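Structure, as structure tokens:
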Amino acid sequence: MFAAGGGVTGPFGGTEAFGVAAAAEPVLDLSRHWHEECGVFGVWGCDNAAQLTYYALYALQHRGQESAGIATVDGTEMFHHRGLGLVAEVFAPEDLNRLAGTGGVGHVRYSTTGANKLANAQPMVLFDVYGGPLALAHNGNLVNAMLLRRELEERGSIFQSTSDTEVVAHLIARHRGGSLTDAIVDSLRRVQGAYAFVFLTPGRLVEARDPQGLRPMALGRFGDGWVVASETCAFDTIGAEFVRDIQPGELLVIDGAGVRDMRFARAARKALCTFEYIYFARPDSDIDGRNVHVVRKAMGKRLAKEAPVEADVVIGVPDSSISAAVGYAEATGIPYEMGLIKNKYIGRTFIQPSQVLRERGVRLKLNPVRKVVEGRRVVMVDDSIVRGTTSRRIVQMLRDAGAVEVHVRISSPPVRFPCYYGIDTSAREELLAARLSVEEMTEAIGADSLAFLSEAGMLEALGAGPEAAGPGAPAGRHEFCNACFHGEYPTRLYDDLGKGMMEMAGHRGGGS
Ligand code: AMP
Ligand code: SF4
């Protein structure tokens, strides 16, 4: 049923690029703690679906650099290829040429370290579901996956990977009666948590967004065909036209007859992840009607109002904090400068510098522009503090480069609680703000001053209104998840979640 090709047949058929699989663990780890989630893309009714998907995955690369994969359908056949590494590393021209057809699904993934990395790469492909192949790609994290997995294993399901996505695959595969769409809907009604799913069969593309709308997803038009993507920057990249955001709890079935939508679940409230705006998404993407750059800039402006300081220059930590830094500068009248330069070309196979070299100050990822900071009072804007490692290093770098004062301004509230929805947060005790007061954090990162954007300010920048802030704010007042700031999660967290998540962190390999 599956096309053979170069590479090696994986646990779900198709080909897998082992070349990069052998690469060393990722290095340099200003970004070791919280990691990108995943990016998903789907296409239906377009010539050369594989190429379109490839370019769309390029645009979504910031959402995951650990693995990439594409599955396509051509008539009754399904083809797929996936591997570890960046999109450019995983696909050679001949891999794309083998992926024939006019329907496709693609995925880029971050996963935590662990043995089963390649098995967890997506799309996941099943051989014989409702009489044919089925490919699934998932962005997000399910909060009852461990419970369902245990139940499925007791009923005889054998898992090939350690990913929570496979739970949905097994639920669909075990479903009896009705159509494949019924099986997908019934399976999704059993899972809880964050997801944007794309399912591909030879006859249709199906897309579903979780009932709280935790993860984003949009629909676009490409010629006579249709596309869906985690972020609209993928549409811009391939020349597709944005049609609309997919609604929380909405399922779209796209086939030769066009697009049919249904509401398969309703939640008490919408809870879109605010971290999509703060850090994850690309500034040129629009999510649920808001442009990411515009929101970040508004956050920076609001931060300037809440925490002004006398200084000579404002700099941002590239890339995610530049918009907020520009907003802060605009609101205060302090000039914005490019004070930090990022090397974007550090690949997975990079050789980690030895301790001796690190101690000698080898700086691979970020370097200050001495002429900008020397002898000046610097405001350094960053989008978040998780463990505090980044801020501490940068403050030191700026002082070494001659800054006379370093004032750190963070364009989001303090992160005090872990995320269970696909953002690979540190355990609570590793979150700097969970342990220390702002005053203690200022000392820990070595800054002259430190201030965070308030939750009310963040919501105002998002257009939600300040009255909506804080734990206990009545449901429906706003449409965002802010759980990592105040610990009030928008879904039930299952009784053994703490334990389950720990097991999964070691055993499952992170969010999807
Ligand atoms: P930390 O160094 O642990 O305090 O992390 C904060 C830094 O990591 C900031 O510079 C953020 O831009 C960045 N950051 C925030 N969220 C993530 C994430 N999910 N993955 C990688 N880096 C992140
Ligand atoms: Fe996003 Fe934080 Fe909610 Fe996780 S807990 S989904 S990072 S807002």
In region 398-411, residues that are out of contact with any helix residue (DSSP H, G or I) (no Cβ under 7 Å at 6 or more places or on another chain) and touching a residue at least 40 places away in the same chain (Cβ under 8 Å) total 4
Checklist entry - Does any residue of region 214-226 turn out to be at pLDDT 95 or above, within 28 Å of GLU77 (Cα to Cα) and charged (D, E, K, R)? => result yes
Among helices (runs of 4 or more DSSP H) entirely inside region 377-470, those with 2 or more residues being surrounded by fewer than 23 Cβ atoms within 10 Å (Cβ to Cβ) and in contact with a Phe, Trp or Tyr (Cβ under 6 Å, 6 or more places away or on another chain) are none
Scanning region 319-340 residue by residue, those at pLDDT below 95 and either surrounded by fewer than 17 Cβ atoms within 10 Å (Cβ to Cβ) or hydrophobic (A, V, I, L, M, F, W, C) (or both) turn out to be ASP319
*asked:* So for region 30-37 (the condition being polar (S, T, N, Q), in contact with an Asp or Glu (Cβ under 9 Å, 6 or more places away or on another chain) and either at pLDDT below 55 or open to solvent by 30 Å² or more (accessible area, probe 1.4 Å) (or both)), does at least one residue qualify?
replied: no
Take ALA194 and decide whether it is of a type outside the set (Ser, Thr, Tyr) and under 17 Å from the mean Cα position of the chain (by Cα).
-> yes
Can you spot a residue in region 178-191 that is out of contact with any His (no Cβ under 7 Å at 6 or more places or on another chain), open to solvent by 40 Å² or more (accessible area, probe 1.4 Å), aliphatic (A, V, I, L, M) and more than 20 Å from SER230 (Cβ to Cβ)? no
Per the list (1) more than 22 Å from the chain's Cα centre (by Cα); (2) within 16 Å of ligand 2 (Cβ to nearest atom), residue check on GLU276 breaks on (1)
When region 290-318 is checked residue by residue, the ones that are open to solvent by less than 30 Å² (accessible area, probe 1.4 Å) and within 16 Å of ligand 2 (Cβ to nearest atom) are VAL292, VAL295, ARG296, MET299
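The values are calculated or read from the model by the stated rules, or taken from the named source; none is laboratory data. Fair warning: this is a prediction, and the values are worked out from it, not measured in the lab. So basically every Cβ, Gly included, is an ideal-geometry build from the backbone, and we count neighbours across all protein chains shown. To get the accessible areas, we keep the full protein, side chains included, count just its heavy atoms, and leave off ligands, DNA and RNA. Shrake-Rupley method; radii C 1.70, N 1.55, O 1.52, S 1.80 Å.
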